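Just so you know, all these numbers are worked out from the coordinates, no wet-lab data involved. Just so it is clear, the structure is predicted and the values come from calculations on it, not from any experiment. Glycine also receives a Cβ, built like all others from the backbone with ideal geometry; neighbour counts cover every protein chain displayed.
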Amino acid sequence: MKKVYSIVGARPQFVKAAVVAHAFAREAQAEHHLIHTGQHFDENMSDIFFSELEIPAPLHRLAVGGLSHGAMTGRMLEQVEDIFLKNRPDAVIVYGDTNSTLAGALAAVKLHIPVAHVEAGLRSKNRAMPEEINRIATDHVSDLLFAPNDTAVKQLLSEGLPASKVSNVGDVMFDACLRYAQGTGDDSILAALDVAPLGYTLATVHRAENTDSPDRLAGILEGFRRVGSPIVLPLHPRTRGKIEAFGLQVPPNVKLITPVGFRAMLELERHARCIATDSGGVQKEAFFMRKPCVTMRDETEWTELVQSGWNVLVGANSAFIADAIAGAAAPADWPAFYGDGDASGKIVAQVLALPALAR
Ligand code: UDP
């Protein structure tokens, strides 16, 4: 029986690990466990994902949230290493680009436990982003690099990583959208928000480059004000704190709500006219839902969405934001950029094909 551990800690990782956990559940010869680092810990940023997405409860739960990057990564590294030493998994899976990703990968590789990185090869080419450093470091210590698309494969090879480690399995977020959008159908959130299908823009804002700059955050809010029509904004707690700290005003057309669960989020995406975001995951979900996306960043990792016209980059410039939302339209072509919806099955098969750890 192979023992595999997945390390999660932040909201996007719960969504990604959910489909991998479900794929492991189909394998009789595998034991799959989650370690939750506690990077996100609020009910609506963490627990709701476990219940709604039917993710097995974590076997280990740390409480390493709300610290500086160095302190957070360091404490996770120490505590995750301790769990690995006691439990000796045959392989470790890490997801995306957070401090939990890096800490999990480093702890495993130092103990000679094979590491698989889901969403390998993504690059913004902006090293000021903490996520970019986490991605580069994780990719370069991992044994299996699960790229979500061809762009990511090319990137990994261009950095000298061996082709034998790299495979394009497709995007686990596509799996998640297909799995959880089915049977959702509960659009009561629209009535509760008093918005009509196709009558609003859905927005999210949480990237440090936007939330930590009063000018950028003010530019985004001013862009929303200029749009005039309803904007539904499920707001990340960090952004809410910064709006208050900077003394910024939320425009009256913005319906500010606390973060919603994944199923409600999919409903809001499905019925939006357009999606405006700085989230990595939400950019792709817009595409999966065939909605035009306005990305409030200066660059994106998902460049194929920009090239194909599904996504437009507007930074934090209020005029660009307002114009792009007003003019947003979905292109006719919907290319299969992100695989066939079974990335999780391919990941599990490759992880289980690794040689068992000598005990
Ligand atoms: N999400 C959610 N509720 C919200 C906002 C986002 O369920 O109120 C989901 C979203 O659908 C996506 C994931 O959270 O699957 C993205 O996480 P986030 O934007 O925090 O991180 P990123 O993708 O930028 O790393």
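Per residue, the average separation of C-alpha pairs within less than 8 Å and at least 6 apart gives segment 88-180 a relative contact order of 25 percent. With θ taken as phi - 60° and the Karplus curve 6.51 cos²θ - 1.76 cosθ + 1.60 applied, the whole-hertz 3J(HN,Hα) list for segment 78-84 is 4, 6, 5, 4, 4, 5, 5 Hz, x standing for glycine and proline. Among 175, 194, 82, the ranking by other beta carbons within 10 Å of each residue's beta carbon, starting with the fewest, stands as 194, 82, 175.
Between the Cα long axis of helix 214-227 and the first principal axis of the chain there is an angle of about 50°, rounded to the nearest 10. Computed over segment 109-197, the convex hull of the alpha-carbon atoms projects to a mean area of 9.0 nm².
Taking one quarter of the surface of the C-alpha convex hull of segment 1-125 gives a mean projected area of 7.7 nm². Counting pairwise Cα distances across the chain, what percent come out greater than 25 angstrom? For the chain, the share of Cα pairs beyond 25 Å comes to 52 percent. Straight-line cross-link reach from residue 86 at under 30 Å between alpha-carbon atoms covers these lysines, not counting any fewer than eight positions away in the same chain: 2, 3, 16, 110, 165, 346. Most simply put, the chain has about 0% antiparallel DSSP beta bridges, counting only bridges with both residues inside it. Kirkwood-type hydrodynamic radius, segment 4-70: 12.2 Å, calculated from all non-identical alpha-carbon pairs. Summary value for the chain: 16 percent relative contact order, contacts being C-alpha pairs under 8 angstrom separated by 6+ residues.
Evaluated on segment 212-269, the Kirkwood hydrodynamic radius is 12.1 Å, with distances taken between all distinct Cα atoms. Between residue 69 and residue 140, full extension at 0.36 nm per residue minus the direct alpha carbon distance yields a gain of 23.6 nm. In whole angstrom, note down how far apart the Cα centers of segment 253-318 and segment 112-140 are. When both Cα centres are located, 22 Å separates them. Proximity of backbone amide H atoms, modeled 1.01 Å from N, is registered between residue 276 and 202, 203, 204, 294 at under 5 Å, excluding neighbours fewer than 5 places apart on the same chain.
Here is the P(r) of segment 170-239: all C-alpha pair distances, binned every 5 Å from 0, give 3, 12, 17, 17, 19, 16, 13, 3, 0 in whole percents. Going from the fewest other Cβ atoms within 10 Å to the most, the residues 151, 258, 211, 37 appear in the order 258, 151, 211, 37. Working from label points 7 Å from Cα in the Cα-to-Cβ sense, the residue 340 to residue 179 distance is 1.8 nm. Using a Gaussian network model of the chain in which every pair of alpha carbons under 10 angstrom is joined by a spring, one finds that among 121, 327, 199 the greatest mean-square fluctuation is at 327. Plainly put, segment 229-359 has a radius of gyration that is 1.07 times its Kirkwood radius, both from alpha-carbon atoms, as the Rg/Rh ratio.
For the pair residue 191 and residue 26, label points projected 7 Å from Cα toward Cβ lie 3.6 nm apart.
Rg ratio for segment 142-289: its Cα radius of gyration over 2.2 N^0.38 Å, N being its residue count, equals 1.23. Computed over segment 263-333, relative contact order equals 28 percent, with contacts defined as Cα pairs under 8 Å that lie 6+ residues apart. Here the spin labels are modelled as points 7 Å beyond Cα on the Cα-Cβ line, and at residue 246 and residue 165 they lie 3.8 nm apart. Inter-part distance, segment 324-357 to segment 193-211, computed on C-alpha centroids, equals 24 Å.
Evaluating 6.51 cos²θ - 1.76 cosθ + 1.60 at θ = phi - 60° for every residue in segment 231-237, the Karplus couplings come out as 10, 8, 10, x, 9, 4, x Hz, glycine and proline recorded as x. Cβ crowding within 10 Å, taken as a proxy for footprinting-reagent exposure, orders 86, 242, 284, 110 from fewest neighbours to most as 86, 110, 242, 284.
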